[in-house]
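Structure first, then comments.
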Amino acid sequence: MIITIIITELPNGLYRVELEGGTVVSERTESAFYGSARKLLRLGLAHPSDKLELKRRGGTVDMRGIVGEAAKWSVREDAKRGPEIIRYREPSTSRDRLSFVEAPSIVSHDELGFTPTDIELASL
């Protein structure tokens, strides 16, 4: 099955994420694609083998991948290095869970098991 999520950019680098039919997946998140994959699995709305597509409202597909693989990753971005794909680690405390921050562990494309072209990142 292909699941399409639509993102709306919010202030402060956050996104609102909805399923294509309008169901809200997340009101505010820093990791729209990877975070949505985890949430869809947690809610039982996706199977690990389902395909996930991310679009901006009214746009074409910006990213696509397999839900179970996408759920293993996140993005960390800072002014010095820019965005990096990192392995996701579950927050250790309830306070961490509320902060929308995901603990980073930088990985290479070899460790990811796929490259950005496998996810099909579209140029913005």
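Near ILE3, once Lys and Arg are set to +1 and Asp and Glu to -1 for all other residues with Cβ below 9 Å from its Cβ, the sum equals -2.
Look at SER31, SER26, SER92, SER36 and count the other Cβ atoms within 10 Å of each Cβ; fewest to most, that gives SER92, SER26, SER31, SER36. Counting every other Cβ atom within 10 Å of each residue's Cβ, SER49, SER74 order from fewest to most as SER49, SER74. Arranged from fewest to most other beta-carbon atoms within 10 Å of their beta carbon, VAL75, VAL24, VAL67 become VAL24, VAL75, VAL67.
The GluC sites (Glu not before Pro) found in segment 18-89 that occupy coil by DSSP, while having at most 13 further C-beta atoms within 10 Å, are GLU20. Straight-distance candidates among the lysines for linking to LYS72, with alpha-carbon spacing under 22 Å and chain neighbours fewer than 8 residues away dropped: LYS39, LYS51, LYS55.
Only the coordinates and a few stated rules stand behind these numbers; no lab work does. The model shown is predicted, which means the values in this text are computed figures rather than measured ones. With ideal geometry, Cβ positions are generated from the backbone for all residues, glycine too; neighbour counts draw on all protein chains shown.
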